[in-house]
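Notes follow once the structure below has been shown.
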Amino acid sequence: RKGDFIDVGGVLGTVVDVGLRATHVLSRDGVTVIVPNANLISSLVINYTASTRNRRIWVRVGVAYGTDLDVASRVLYELALADPDVSRLPAPEIRNEGFGDSSINLALVAWIQEASDDLIVSSRLRFAIDKAFRQNAIEIPFPQRVIHTKVA
């Protein structure tokens with residue numbers, strides 16, 4: 001329907017017109033993509049607004065080994081609650097996604113009220129995470145490698 005936020009063929013955008021032969025989708029970059037209606041029937045189409053406009057987002061961040069994960073989790077949770085577009089119910093979650101080569105991988109998982117705002121809200125949260133982590137002395141490590149050389 002007109003106004004739906006969809007993903008068709010990897011193009012995310014808002015349906016602006018549904019014609020007899022083609023549907024016009026306004027992409028996030030302001031480009032109108034003309035999609036033949038036959039493609040809508042024969043390919044995968046994700047409609048982010050069919051039953052609800054809410055969408056779950058994942059903001060991933062790595063923290064240095066030795067970081068107090070309770071403190072990092074609290075900071076992430078408080079940042080999520082402070083964002084006006086993050087829903088309170090269901091509550092945001094902080095997940096430990098595993099131990100990487102250079103970091104412990106955390107994810108802030110939260111629901112937002114408008115599916116098409118996912119990039120804006122995720123970016124805003126990443127800026128806030130960087131600032132809050134610096135204020136709380138939580139290190140976001142960069143990949144490191146140790147190279148051993150032998151002299152013959």
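Just going by the charge dipole of the chain, with Lys and Arg at +1 and Asp and Glu at -1 on Cβ, which of Pro90, Ile147, Val63 is farthest out on the positive end?
Final value for the positive-end residue is Ile147.
Average projected area of the Cα convex hull of the chain, in nm²?
14.0 nm²
May I ask for the angle, rounded to the nearest 10°, between helix 118-135 and the longest principal axis of the chain, with both axes built from Cα atoms and the value confined to 0 to 90°?
That helix lies at roughly 10 degrees to the long axis.
Quick one: putting +1 on the C-beta of Lys and Arg, -1 on the C-beta of Asp and Glu, what dipole do you get for the range 23-83 around its Cα centre, in Debye to the nearest 20?
260 debye
Considering amide H positions built from the backbone, and no H for Pro or chain starts, which residues 5 or more places from Arg28, or on another chain, come under 5 Å of its amide H?
Those qualifying (amide H under 5 Å, at least 5 residues apart or on another chain) are Leu12.
What is the angle, in °, between the Cα long axis of helix 69-82 and the longest principal axis of the Cα atoms in the chain? Nearest 10 is fine, range 0 to 90.
30 degrees
Give me the percent relative contact order of the chain, please, defined on Cα pairs under 8 angstrom at least 6 residues apart.
Dividing the mean separation by the residue count of the chain yields 21 percent.
Read-outs throughout are calculated quantities, based only on the coordinates presented, and are distinct from any laboratory measurement. Just so it is clear, the structure is predicted and the values come from calculations on it, not from any experiment. Neighbour counts are summed over all protein chains in view; Cβ atoms, including those assigned to glycine, are modelled from backbone coordinates with ideal geometry.
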